[in-house]
Structure formats: structure tokens, C-alpha cells
Amino acid sequence: MSAEAPGAAVTVPGRARRLGRETALCLVLSALAVLFALLVVGSGDYPMGLGKVINVILGGGEGLEGTIVFQWRAPRAVAALAFGAALGVAGAVFQSLTRNPLGSPDIIGFSTGAYTGALLALTLVGGSFLATSLGALAGGLATALTVYFLAWRRGSHGFRLILVGIGVSAMLAALNQWLVLRAEIEVAMAAAVWGAGTLNGVGWPVLIPALIAIVPVLGLTLAGGRNLGMLELGDDTATALGVRVEPARLVLIVLAVLLTSAATAVAGPIAFVALVAPQLAKRLNRAAGMRLAPAACMGALLLVASDLVAQRVFAPVQLPVGVVTVSIGGIYLIWLLSREGRAAKRA
Amino acid sequence: MASPTPVAANPENSQASGAMNAHAGMPPATGSTASAKNPGKPVRRLALLLCFGLLLGLLALFSLAVGSKHIELSVVIDALLQPNDSADHAIIRDSRLPRAILGVLAGSALGIAGALVQSMTRNALAEPGILGVNAGASLAIVIAVGTFGINGFNSYVWFAFGGAVLATGAVYLVGMAGARSSDPVRLVLAGVALGAVLSGIGTALALVHPSAFDQLRAWTIGSLEGRSGEVLVPLAAAVLVGFVLAAFTGRSLNALALGDDTALALGYKVGRARVLILLAVTVLAGAATAAVGAISFLGLMAPHLARRFSGPDARWMLAYTAVLAPVILLLADVLGRVIIPGELEAGVVCAFIGAPVLIVLARRKKPVAV
């Protein structure tokens, strides 16, 4: 397969045009994401213009400005870009595997489990940043494993995975609500901020381990996108095309869960990026299947833009970015949907 | 059904899903002939349905006896048949009977709403909250508490209902904007999108108003406790309207399961059916959610359980859901009163009863698709 694929891309003009559109889309989305990241770095109590930010990054600027840019603000912008891309790809993988626009790493309970872990860390051991992160990581991974093994019965039937995931998530969500209800109101509100997903206070010490996990996994997942396209054709067709269905699916699930867990451990379960970024990318790309690269770029753009809004709109009050991702992503999705509706009417 | 992929959960493959349902179940046009050929089946289904109905009745009776003060069943029956002014009878009349009725009404309303949404959108993940009901209601509560300083479930129940109705209406407008026939995928996405926007605004406002946050966390969890008997009459009216609408749309639901094109070809008015279903869902889910809180998981899992007994015919599935959902809710309420001192909210217990059932169902050999 791999030997003939590049040739096919050249000889079939439709495919070449489609890939051209996809590349252009990715470039535009990435450029916008980087622009927003620079704006994020420039905003705050010590505002800097775009030119100044670029100047400092390229090595100019005073000592203080260097510290502000590199130590204080850059981690946040980098985190937004990396986590957004990770969540976008993870969402695309799950929506493709489950063939459901509601599919996301959440359906196998990862985010809910992570929230449970973080809540337990916050309410029982008082919740330092590290304890919350570790609690989230442990809770999320334990939940994802539980769901996968409960759903395993001579193969991981996608529909079964969804149902088991919903069941386990529902129990944990009920437990979470109960923990929030029983906690002191201050603890509960701190938990709610974490539970919405926030980039406030992200620094290099926590970000670097997350990046070490995200960057290679992101590369592997993008490389595995080819299998994803074949799995979309159905298990039988994929088998006929030479894909070993179960291992391929398991690997993709593990990669997607790793991406989600790295982002969630640091920033909390940032809502909606995984759900909406693949849908937005798909609608802009107009490709038949789920494509990973546009979903990654869209996720990065969505999260970094949301973070800018979260910092600025009620400044100096810092909203959790998750509250903004749902609003921005939701409004954009509504706009796309209604535009599609009008186009359908005209046709 | 041996299909290795979750076709039914895939709205993009609605045609394939329709074909699968047609193969496994009975298409509506031949429904009567199929039952004529197989006369034992409807009788057995009806008998089983009546058994579940009996179970619900017994559970409701039992729920009158259990609580912080245990009351003998004989006294309970006495209180229902020949009420007097004794303390036990007063407890039953004023607090436990309204609570049991609330559980039955809200439970079946949520169940039916969930079943209708799942069938209409052909999506097994759909729940009553998906069309914006929960998000609309909770935003309205945050506004009621944060802005107008209203406190307590019984004061903001109308706010919650209004929020739910407005949100569903908006979802409908977005999801159907311009489309010739409403595409269920667009409807689901519109619901998710609008729900997300509303809940985002709601969360942001709640984080600014701690009192609203405090009320919201209690409401979200879902409980039958402390609800005033005054909500029963409007809730019963809403449930009645919803049931009648659901009964009218049963046949169209079977047709919609075959895909929009097939349903149109069979002569069903797809657009009108969807509007009626949506109306039913709005009334049922809106009223129940306003009354007991966001127990939308019940609406998600009860239809999956019902489908196990009813088979794929939407009309039987609706009937079974209407009985099984309140069984789960009442059971949750009764258990919640006894397993810990104080009370465990019905919404929590519901998830812990319903989820294992859902997991066991999912682990059966053949998952029954929507």
C-alpha cells in the first residue's frame, strides 16, 4: 500500500486537489494559531505589541521583558497550542473509530475519571498542583482501562465501547457531583474551575513533561491516520485491505488517550475542543473521512484563541479557558450549521 | 446484527443503519401482518409489560413505607384507602405519596423523552438533555439565583422549565435552519453546540456568583427530595401531552428508523413527525428536568433496557420505557433513603443502578442497536 500511495496521489487529480485544499487549510489554521499565541504572550498586566513580542522572541528586548515572555507567558501559549492540537487529534480519532459525531475521549470516561481523581486529591489531600495532576492522571487512566476491559469480549466492538463508556462515566459523574455537593463551597468552586479546564498558572516545570509525552505521540497518531481511514470503511473491508483491525484500533485508542491524559493532567478536562475541533475541521476541509492534521490545527487555534478571550474578557478576573472553549466552539459550530442549512436550501 | 462496527451509532451511515433495522426488526408497513403471523408474540410482550407495571405499582407502594420513619405496609394501605388524621397517615399523604407520584411521572417522562430522542436522531448516545434542556434549565436557574436572588427548588421551577423550552426551541431553529427536512445529525450537533454555549455562560456566571453555584450544584445532581406537591399538576399535564404526542408518532418513528428517504417513500411526513417528536421531548424532558433536576442518564439508559425486552418496534419500546424508567427512578429514590444516614440523592443512586445494567446489556453477545 505504502509504495503505491504517493503515485496515486499524483495521478488522481481529485485527490491531489483535495490534499491541496487540506494543506492550505492546515497552513491557514496554523498561521492563525501562531498569531493568537503571540497575542497571548503580549497580553497581561504588562502589555506588549505584536512587534515587540516577536522582537523579544528573536533575541531582542530587556532582561525583564525576556523573563516575562519566556518564563511567565510563553508556557501558557505553548500549552494552549500543544494541548489544543492533542485534544483535536484525540477527538478526531474517537469520532472516527466510533463513527459518531458525539464520540470523544470523554465517552470512554477519561475526562470524568480524571475529574474524579482531581476531586479526590482536592478534597482529601488538599490539592497542590502536583497532587491534582497526579490524581487526574491516575483517575483518567484507571477509568479508561476499566472501560476498555469491561467492553472487551472477543474484540472491542465500537458500540459496546460506547455503551460501557457511558455507563462508567455516568457513575463517576454522579460521584463527582456528589463530591462537589458535599465539599465546602470554596473547595467546590476551585474544583469547578479545574473541572472546566484552565491554563492559569501553567509553567515550564509541569509543561515540559507533558510536551515530552505529547509531541512524539502526536507524530505517531498522525502517522497512524492511514489506518484510521481504512477502519472507517468497516472492519471487514479494513481486514481485506490488510489492516490488522484489533491491534490497529487498540493502538489508536491508546495514542488518543495518551494525548488526552497529558493535556488533562496539566490543564484539567478542557471541555469541547475534542468534540468540536474535528467537526469544524471536517466542515472546512469538505473531505469525506475524518482527517487528523486539520483537526490538530483547528484544535490548537480554538484553544489558543479561547485562552486569549478567557484572559481578557473579564480581566483582571481570569476565567477558566474551558468555559470559553465551549462558548466560542459552540457559537462557531452553530454558525457553520446554519450556513450549511442556507446552502442546502439554495441547492 | 453481526456487523462488526457500530453502524447504528453512526448518523452518517443512516442508510446502512436503516437497512440493518429493517433486516432485524419489522418495518412499520408490515407490522400488522407480522403480528398476525406470529400471534403469541404480542400477547407475551403485553404480559411482560403488565408484569413490569405491577412491579412499578409494588415499588411505589413500598416507597410509601420506607424512609427515616418506617411505616408498616398495612398502615400504608390503610392510609390510601381509609385516611385519618394520625401522624403516619399525614406523613404518607403530605410527603411520601406526592414524592412517589413525582417519581413515577418524572421517571416515565425522562424515559420517554430519551427514547424519542434516540429514535428520532438514530443515535444511541442521545439523551433528553442533548437538545439543550439541561443547559437551558441550568442557565435559567443561575440567572434566577444570581440576578433575581430567588432561592429554593420550588421557586425557580418555572424558570427552569422556561429555560429548557427556550433552549430546545433555539436548538430546533438552528438545527433546522433552511433545511428541507430536518437532518438528525445537524439537530444533534446544534443541540450539543447550543447546550455547550449555554452551559459555558452558566458556568462562568455561577463562578462569579457563589450563591448561584451553591444552588446549581444541588439542582444538577437530581433528587426527588423537598419538591413541593404543587409541581405535580403541571407535571402531570405535561406528561399527558407528551404521551399523547409520543403515541401519535410511534408509527412514524418506525419509519424514521429506516432512514429519511425510505420513510418519505413510504408516505410518512418526515418533517411533521420530527416537529411533533421534538415538541413531545421538549414538554416531557423540560417539565421533568425542571421538577427533579438533571437526571438525564435515566433517559439515556432506560430505552436501552426497554429495547432488550420490546424488540425494535418503537411503539412497544416506548411503552416499556414508560414503565421501566420510573421503576429505576423509584428504586433509586428508595435506596437513597436507606443506604446512608441522611439521604443519597436519587440522581446519584440512579447512575449507580443504571450504569451496571447498561454495562451488562452492552456485554451481551449482540448489542441491540437503535
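Considering only residues that are within 13 Å of chain B (Cβ to nearest Cβ) and assigned to a helix (DSSP H, G or I), which ones fall in segment A:249-270?
Matches in segment A:249-270: A:Arg249 only.
Residues to consider are A:Arg160, A:Arg153; find the one that is more than 15 Å from A:Leu97 (Cα to Cα), of a type in the set (D, E, K, R) and within 7 Å of another protein chain (Cβ to nearest Cβ).
After ruling out the rest, the residue left standing is A:Arg153.
Is segment B:130-143 home to any residue that is assigned to a loop (DSSP other than H, G, I, E, B), aliphatic (A, V, I, L, M) and within 17 Å of the chain's Cα centre (by Cα)? Break it down into steps so the answer makes sense when it comes.
As a first pass, look at segment B:130-143 and keep what is assigned to a loop (DSSP other than H, G, I, E, B): B:132.
Still in the running and aliphatic (A, V, I, L, M): none.
Scanning segment B:130-143 turns up no residue that is assigned to a loop (DSSP other than H, G, I, E, B), aliphatic (A, V, I, L, M) and within 17 Å of the chain's Cα centre (by Cα).
Got a sec? Which of B:Leu80, B:Leu46, B:Leu56, B:Leu97 is at pLDDT 85 or above, surrounded by fewer than 19 Cβ atoms within 10 Å (Cβ to Cβ) and within 30 Å of the chain's Cα centre (by Cα)?
Answer to the selection: B:Leu46.
Is one or more of the residues making up segment A:195-218 within 14 Å of another protein chain (Cβ to nearest Cβ), of a type in the set (Phe, Trp, Tyr) and closer than 30 Å to A:Phe70 by Cα?
Within segment A:195-218, the first condition is being within 14 Å of another protein chain (Cβ to nearest Cβ), and the residues that meet it are A:195-198, A:200.
Checking the rest, the ones that are also of a type in the set (Phe, Trp, Tyr) come to none.
No, segment A:195-218 has no match at all.
With the requirement that a residue be basic (Lys, Arg) and within 19 Å of A:Val147 (Cα to Cα), what does segment A:74-131 give you? Don't jump to the end; show me each part of the working.
Our first condition is that a residue be basic (Lys, Arg); within segment A:74-131, this holds for A:76, A:99.
Residue satisfying the conditions is A:Arg99 alone.
Among (1) surrounded by fewer than 24 Cβ atoms within 10 Å (Cβ to Cβ); (2) within 14 Å of chain A (Cβ to nearest Cβ); (3) farther than 15 Å from B:Val104 by Cα, there is one condition B:Ser310 misses while meeting the rest; what is its number?
With (1) surrounded by fewer than 24 Cβ atoms within 10 Å (Cβ to Cβ); (2) within 14 Å of chain A (Cβ to nearest Cβ); (3) farther than 15 Å from B:Val104 by Cα applied to B:Ser310, the lone miss is (2).
Can you tell me which residues in segment B:182-213 are within 30 Å of A:Ile185 (Cβ to Cβ), of a type in the set (Gly, Ala, Ser) and within 7 Å of another protein chain (Cβ to nearest Cβ)?
B:Ala196, B:Ser199, B:Gly200, B:Ala204
Which condition breaks for B:Leu305 when tested against (1) part of a helix (DSSP H, G or I); (2) more than 14 Å from the chain's Cα centre (by Cα); (3) surrounded by fewer than 24 Cβ atoms within 10 Å (Cβ to Cβ)?
(2)
Restricting the search to segment B:59-77, which residues are modelled with pLDDT of 80 or more and among the small types (Gly, Ala, Ser)?
B:Ala60, B:Ser63, B:Ala65, B:Ser74
Which residue pairs have Cβ atoms closer than 9 Å, lie 6 or more positions apart in sequence or on different chains, and pair a first residue in segment B:61-76 that is free of Cβ contacts under 8 Å to residues at least 24 places away in the same chain with a second residue that is in a loop (DSSP other than H, G, I, E, B) and not charged (D, E, K, R)?
Within 9 Å, the pairs are B:Ala65/B:Ile71; B:Val75/B:Ser86.
Say whether the condition of being over 27 Å from A:Phe149 (Cβ atoms), surrounded by fewer than 24 Cβ atoms within 10 Å (Cβ to Cβ), within 13 Å of another protein chain (Cβ to nearest Cβ) and among the aliphatic types (A, V, I, L, M) is met by at least one residue in segment B:272-289.
no
Has segment A:271-291 got any residue that is within 14 Å of the chain's Cα centre (by Cα), touching a residue at least 24 places away in the same chain (Cβ under 8 Å) and outside any helix (DSSP H, G or I)?
Going residue by residue through segment A:271-291, those that are within 14 Å of the chain's Cα centre (by Cα) are A:271-281.
Still in the running and touching a residue at least 24 places away in the same chain (Cβ under 8 Å): A:271-281.
Checking which are outside any helix (DSSP H, G or I) leaves us with A:271-272.
For segment A:271-291, residues within 14 Å of the chain's Cα centre (by Cα), touching a residue at least 24 places away in the same chain (Cβ under 8 Å) and outside any helix (DSSP H, G or I): present.
Specify which of the listed residues (A:Leu233, A:Leu241, A:Leu218, A:Leu228) is of a type in the set (A, V, I, L, M) and at pLDDT 85 or above.
A:Leu218
Residues to consider are B:Leu205, B:Leu256, B:Leu232, B:Leu245; find the one that is of a type in the set (A, V, I, L, M), surrounded by fewer than 24 Cβ atoms within 10 Å (Cβ to Cβ) and modelled with pLDDT under 85. Please lay out each step first, then the result.
On the way: B:Leu256 fails: surrounded by fewer than 24 Cβ atoms within 10 Å (Cβ to Cβ); B:Leu232 fails: modelled with pLDDT under 85; B:Leu245 fails: modelled with pLDDT under 85.
The unique qualifying residue is B:Leu205.
Working carefully through the options A:Leu137, A:Leu119, A:Leu87, A:Leu141, find the one that is of a type in the set (A, V, I, L, M), within 19 Å of the chain's Cα centre (by Cα) and crowded, with 24+ Cβ neighbours inside 10 Å.
Selected residue: A:Leu87, the only one of A:Leu137, A:Leu119, A:Leu87, A:Leu141 that is of a type in the set (A, V, I, L, M), within 19 Å of the chain's Cα centre (by Cα) and crowded, with 24+ Cβ neighbours inside 10 Å.
Please find, among B:Val327, B:Val334, B:Val348, the residue that is part of a helix (DSSP H, G or I) and within 10 Å of chain A (Cβ to nearest Cβ).
B:Val348
Can you find, within segment A:26-83, the residue that is nearest to the chain's Cα centre (by Cα) among those that are at pLDDT 90 or above and of a type in the set (Val, Ile, Thr)?
For segment A:26-83, the residue satisfying everything is A:Val78.
I'd like the full set of residues that are surrounded by fewer than 24 Cβ atoms within 10 Å (Cβ to Cβ) and not β-branched (Val, Ile, Thr), limited to segment B:126-148.
B:Ala144, B:Gly146, B:Phe148
The values are calculated or read from the model by the stated rules, or taken from the named source; none is laboratory data. Treat the numbers as computed from the prediction; the structure is a model and nothing was measured. Note that each Cβ is placed from the backbone with ideal geometry, even for glycine, and that neighbours are counted across all protein chains shown.
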